[in-house]
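Since the structure comes first, as structure tokens, the remarks are kept for the end.
The values are calculated or read from the model by the stated rules, or taken from the named source; none is laboratory data. Just so we're clear, the structure is a prediction, and the values are computed from it rather than from any experiment. All Cβ positions, glycine included, derive from the backbone under ideal geometry; neighbour counts span all protein chains shown. The protein model used for the area step is the full one, side chains on, heavy atoms only, and it has no ligands, DNA or RNA in it. Shrake-Rupley method; radii C 1.70, N 1.55, O 1.52, S 1.80 Å.
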Amino acid sequence: MVESLNSSHWKSMHWSERPRGGSRHVQVSTSPDFQQWSTWRVLKIAGVTAGDVNDDNIYYLNVQVIEGRLVGLFPGVLSDRSGIYLTTSEDGIVWSKPRLVLPSTAYGPRVEDHPAAIFPPTADGDLYACRCCHRIAMADAVAIKVNKGPSVSYAGPIAEQRALAKSGQVEGAIANLLQHEKTARLSGDISGTTELCVAMVEFCFEAKDYPRLNETITMLAKRRAQIKEAVGAMVRKAMEYLEGFSVAEKLALIETLRAVSEGKMFVEVERARLTKTLAGLLEAKGDLLEARKIMIETVVETLGGMGKREKTAFILEQVRLCLETGDFIRANIMSKKINVKVFNDEELEDLKLTYYTHVVRYHSHSHTWLEIFRAYQAMWGAKSLMEDEAGRSRNLKLQCIYLMLSAYGNEQNEQMHGLAKIPQLAELPMYKELVRLFTTKEVFAFGEVKAALQTELEKLGTFDAKEVELMLSTFHKRVTEHNIEVIAKYYARITMKRLGEHLELPLALMEEQLCEMVTKKQVYARIDRPRGIVTFQRPKTANALLNDWSSDIGTLLTKLEGACHLIHKENMVHKIGA
């Protein structure tokens, strides 16, 4: 029975701790297909006697493959020394003599710090081991220094092979450099390996052998224990060549680079940029659906290496492609990835205008007028917009139009009064008058403004005939709502016929719109159909009625007492005179 949750796999091998005669010792099993496994075999660790209860408690072995060699960490007590030990192996069965890398307090056959995990080496050549201290419930990290190979300059061999490549023997030049690349890679020479890999990529490009370029990049990236800096340098160098390629060559190279960078965090930013370029090429070919598909598969909001501007522009491109393909639900989801506070930065003003333009397109699909107004209102104040007289005037006109098209309510009414205070509204007399009509508690007829409004909508050039017709009918409805709200303030009761005359609507349509406002709690009204009377005054509760009566009686008594006082005063004056 396996006692530990920790296990590792390498070349179809599986390591796990198993009880063995009162002690624990890591054992190994192999499999050619990960289905059928061999019997467990005890690891041979130099200096450790397997089966010795006093010396054999090897547990929680954590293994990593580093530069083609297995490196393992385990907590243990060996020869009266306790802590975390490091051991290495070439085949996973025979391991070197453990070296104590982190002393730790022993508690019988156990140590305070366990388990331990080892991570791949950093650019500085350090291995980081993470330990979890069960006794004091804390975690920290310890650096274990691993020797790196010395950095060697390969400028001489590269110059020789470059000359060979220019003579037409590109394949031979690459084959010769591969020997140097192997030596540099296995010795951990980061700069040397990077230099050689980039040189081989350059050979293919200079020879204009683009198929070989793709093959070389793929081959070098798949080399065993390839250094990540070399892969990143190759990808970035190849990206520089895209500008001079034809469309077909661009597509082939981009697909190669995307395949090489897939799943590699150190080139995730480059992969995102390649994806955006690929989407642009697909869109130019007319394949919008495929362009949208590859764009939305790329998640950039968590990329730490990508700047704020580039990240925002990428998400906006995702939103645009979703809108272009009619995927409005996904467009809305993508747009919510952007925190609008980012647009407080003046350097992102152009992206701010683009973002709210996309928001307008999305809400125009569902005709949510108030949200469209909010988008145009958010654009107002942008420096580039305010400096452009035509753009500023257009934005203010659209704010007025969409706010008037919004359903009557407290927010709409408040925003309308705020709109009336904008100084630039004086430059637009018709819109200023419309705002005045909606903010004044007076009834006005839709027929008075219909012709002028229709002309303005057609002049804007944004709306087709069907959209203009929808907006005019909606505007008529909003005028009616305004008029009903005004009438409800001045009338406690009114006949349905008289109300229809005020609203200039047939009785059936007037009743339908009044019922809709009542349902939405925009106004209080009760219709008495047999008598043909509409009541706007709310019935008072018993407490309110009693309070009114009490107030009325109190007022009456106060006035009566004042009158009695005056009468008594006059009587006294006359008596004194007599």
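Over 28 Å between Cα atoms, which of 497/540; 250/337; 383/459; 397/466; 44/182 qualify?
Working: 497/540 26 Å; 250/337 30 Å; 383/459 25 Å; 397/466 20 Å; 44/182 30 Å.
Beyond 28 Å: 250/337; 44/182.
Computed from point charges on the beta carbon alone (+1 for Lys and Arg, -1 for Asp and Glu), the dipole magnitude for the chain about its Cα centre is near 1200 Debye. Under the criterion of Cα pairs below 8 Å and six or more residues apart, the relative contact order for the chain equals 4 percent.
When its C-alpha radius of gyration is set against 2.2 N^0.38 Å (N residues), the range 386-540 gives a value of 1.14. For a straight C-alpha distance cut-off of 19 angstrom, the aspartates and glutamates reachable from residue 336 (same-chain residues fewer than eight places away being disregarded) are 297, 301, 310, 317, 324, 327, 345, 349, 350, 371.
Across the range 236-243, coupling constants 3J(HN,Hα) worked out from phi with the 6.51/-1.76/1.60 Karplus curve, θ = phi - 60°, read 5, 5, 5, 5, 5, 7, 5, 4 Hz, and Gly and Pro carry x.
Do the sum for the chain: with -39,500 (n - 2.57) for every DSSP H run of n ≥ 4, divided by all residues, what is the mean residue ellipticity at 222 nm, to the nearest 500 deg cm²/dmol?
Numbers: 21 runs with 308 residues, N = 578.
That comes out to -17500 deg cm²/dmol.
Projecting the Cα atoms of 543, 434, 105 onto the dipole axis of the chain, where Lys and Arg carry +1 and Asp and Glu carry -1 at the beta carbon, places 543 farthest toward the positive end.
Working from label points 7 Å from Cα in the Cα-to-Cβ sense, the residue 226 to residue 339 distance is 3.6 nm. Taking all protein chains as they are arranged and a probe of 1.4 Å, the heavy atoms of residue 495 leave approximately 70 Å² accessible to solvent.
Reducing the range 338-377 and the range 196-219 to their Cα centroids gives an inter-centroid distance of 45 Å.
Residue 502 sits with roughly 50 Å² accessible to a 1.4 Å probe, with DNA, RNA and ligands left out of the calculation. Using only the Cα atoms of the range 179-321, each taken as one equal point scatterer with no solvent, compute I(q) by the Debye sum, divide by I(0), and report log10 of the ratio at q = 0.21 Å⁻¹. After summing over all Cα pairs, the log10 values are -1.26.
Ordering 152, 78, 47 by the projection of their Cα atoms onto the charge dipole of the chain, which places +1 on the Cβ of Lys and Arg and -1 on the Cβ of Asp and Glu, puts 78 at the extreme positive end. Of the residues 533, 468, 482, the one whose Cα sits farthest toward the positive end of the charge dipole of the range 459-535, with +1 on the Cβ of Lys and Arg and -1 on the Cβ of Asp and Glu, is 533. The orientation-averaged shadow of the Cα convex hull for the range 202-286, equal to a quarter of the hull surface, comes to 5.3 nm². Consider all pairwise Cα distances in the range 459-535 and report the whole-number % of them above 17 Å. Within the range 459-535, distances greater than 17 Å cover 47 percent of Cα pairs.
Listed by chain and number, the lysines whose C-alpha is less than 21 Å from the C-alpha of residue 166, apart from same-chain residues fewer than 8 away, are 208, 237.
Quick check: at a probe of 1.4 Å, how many percent of the accessible area of the range 426-578 sits on carbon and sulfur atoms?
Carbon-and-sulfur percentage of accessible area, whole number: 57.
Counting 0.36 nm for each residue step from residue 462 to residue 94 and taking away their Cα separation leaves a gain of 124.8 nm.
Between 0 and 90 degrees, rounded to the nearest ten: what's the tilt of helix 247-261 against the longest Cα principal axis of the chain? Rounded to the nearest ten degrees, it is 70. Of the Cα atoms belonging to the chain, the radius of gyration and Dmax stand at 40.5, 144 Å.
With a cap of 12 neighbouring Cβ atoms within 10 Å, and only residues DSSP puts in a loop, list the trypsin sites (Lys or Arg not before Pro) found in the range 482-578. Don't skip to the answer; put the middle values down first.
Numbers: sites: 489, 493, 497, 498, 520, 521, 526, 531, 540, 559, 569, 575; in loops: 520, 521, 531, 540.
Passing both the DSSP loop test and the Cβ count: 520, 521, 531, 540.
Translational diffusion coefficient of the range 507-561 (Stokes-Einstein, Kirkwood radius from Cα pairs, 20 °C, 1.002 mPa s): 153 µm²/s.
Explain nothing, just the number: dipole magnitude of the range 459-535 about its Cα centre with +1 on each Lys and Arg Cβ and -1 on each Asp and Glu Cβ, in debye rounded to the nearest 20.
Numbers: 13 positive and 11 negative charges, 80 e Å.
Charge dipole of the range 459-535: 380 debye, to the nearest 20.
Please work out the average accessible area per residue across the chain, using the 1.4 Å probe convention, and give it in Å². Let's see the in-between values first.
On the way: 31120 Å² over 578 residues.
It amounts to 54 Å² per residue over the chain.
So, counting K/R as plus one and D/E as minus one, what does the shell of residues with Cβ under 10 Å around residue 192 add up to?
Numbers: positive: 185; negative: 181, 189, 195.
With Lys, Arg at +1 and Asp, Glu at -1, the net is -2.
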